1. Please work out which residue is surrounded by the most Cβ atoms within 10 Å (Cβ to Cβ), limiting yourself to the range 186-214 and to residues that are in contact with a helix residue (DSSP H, G or I) (Cβ under 7 Å, 6 or more places away or on another chain) and more than 15 Å from residue 78 (Cα to Cα).
2. Quick test for you: out of 280, 256, pick the one residue that is in contact with a helix residue (DSSP H, G or I) (Cβ under 6 Å, 6 or more places away or on another chain), at pLDDT 95 or above and under 24 Å from residue 90 (Cα atoms).
3. Does the range 144-166 contain any residue that is more than 16 Å from the chain's Cα centre (by Cα), in a strand (DSSP E or B) and surrounded by fewer than 20 Cβ atoms within 10 Å (Cβ to Cβ)?
4. Please find, among 246, 289, the residue that is out of contact with any helix residue (DSSP H, G or I) (no Cβ under 8 Å at 6 or more places or on another chain) and in a helix (DSSP H, G or I).
5. Checking residue 55 against (1) over 19 Å from residue 167 (Cβ atoms); (2) touching a strand residue (DSSP E or B) at 6+ places or on another chain (Cβ under 6 Å); (3) surrounded by 21 or more Cβ atoms within 10 Å (Cβ to Cβ), which test does it fail?
6. Please state which of the following conditions residue 195 fails to meet, knowing it meets all the rest: (1) part of a loop (DSSP other than H, G, I, E, B); (2) modelled with pLDDT of 95 or more; (3) in contact with a strand residue (DSSP E or B) (Cβ under 9 Å, 6 or more places away or on another chain).
């Protein structure tokens, strides 16, 4: 892949002044804004920053299966219309719709900063989750290559971690993942909510196709790396028909997934407006049904969540997929008995998972 023929607005006094003005907003010392004259990045602007911190504590961590995260990017070119992380772009005075898809913040010093923070006496070696906000293997990672340095830092400190992704680029780092798994607990999950190609093209336009994501699961399994599938989101009235649920679980099982965990669509502020606009364009007959289903807030009613969970659970048993570990990826290497974390709720327990 060629990365020449790029243009950058970081040169010249005007651009330098612009970078200084944005520094406080992005929580960084400086901002360099770039665009790349390449088909895969057309219309996308990258804001390169030197972040001040990279390990983040999750708000409301007591309700989560993880407490600490690393996010080398903000914004995501996957452009999933339902993405719950859209609201975070408003904190930067950026648009939560198209701006979230095209204005990408890149923490270019993430690997070196992580290595420094992991070495701090204050850091106690807790589990770090990645991909819980935006995908660390989105398209930009092919350009910036932040994850190899991040994985190497975690490996060198034997720090446990997990990755959730829709990106096939994770296979580039297969050797690093294997090396890390030899010294610590590593978990990998791939997100595949459905296998319908038409639905995928409109609702997740910047992601690899579902079958390509399942190829990631298959490849990892062939290398002895267990990989769970987060079946997310299950989209009401579009991917929740029993035949579609069956087709998705069957494909997940065929790929060799160690577990499958369903997550019903939730629509938080920022994502809700963008998703409902998409729904009005592509499925206007469903708008009123969604308004009724989500009348009480961001989450579908408990009865609906329980129904989906039980259907997927039954299908998983039928196709021989092991019990799900809700919200946490399956470990590549099981922990020693005296250090194993408490087992999270199984898929038979009707819970609505929340990533962040």
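The values are calculated or read from the model by the stated rules, or taken from the named source; none is laboratory data. Since the model is a prediction, treat every value here as computed from it, not as a measurement. Neighbour counts are summed over all protein chains in view; Cβ atoms, including those assigned to glycine, are modelled from backbone coordinates with ideal geometry.
1. Here the answer is 186.
2. Numbers: 256 fails: under 24 Å from residue 90 (Cα atoms).
None of the others qualify; the one that does is 280.
3. No, the range 144-166 contains no residue that is more than 16 Å from the chain's Cα centre (by Cα), in a strand (DSSP E or B) and surrounded by fewer than 20 Cβ atoms within 10 Å (Cβ to Cβ).
4. On the way: 246 fails: out of contact with any helix residue (DSSP H, G or I) (no Cβ under 8 Å at 6 or more places or on another chain).
The unique qualifying residue is 289.
5. Single failed check for residue 55: (3).
6. Just one mismatch for residue 195, condition (3).
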